[in-house]
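Have a look at the structure below before the remarks.
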Amino acid sequence: MIVKVRVEYGKKPPEITENAIVVYTSEKRENNRANIDVMRQLARTYGKSIDQIKLVGGRTSRKKEFLIED
């Protein structure tokens, strides 16, 4: 399944909205650290392994798309 994610700065738990999931991270954007933190939070939210989460769009954008494998 493809999940649309909007990334915001902060330390709140993920929020599910009509259009996307809002994930908050306080990690820096350097060395892909923020994307990895978002993937960890999505894995925890959906009860999956981080290996089952793939970034498919928006690598440098606040609006991202992730593929969550079954």
Helix-only mean residue ellipticity at 222 nm, the chain, DSSP H runs n ≥ 4 weighted -39,500 (n - 2.57), per residue, nearest 500. What is it? -6500 deg cm²/dmol
Cα shape, the range 2-68, gyration tensor, a/c 1.5 rule: rounded
Straight-line reach only, C-alpha to C-alpha below 19 angstrom: list the lysines that Lys11 could link to, leaving out same-chain residues fewer than 8 apart. Lys28, Lys63, Lys64
Residues Glu65, Glu30, sorted so that the one with the fewest Cβ neighbours within 10 Å comes first: Glu30, Glu65
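No value in this document is a laboratory result; all are computed from the given coordinates. Being a predicted model, the structure only gives us computed values, none of them experimental. Glycine also receives a Cβ, built like all others from the backbone with ideal geometry; neighbour counts cover every protein chain displayed.
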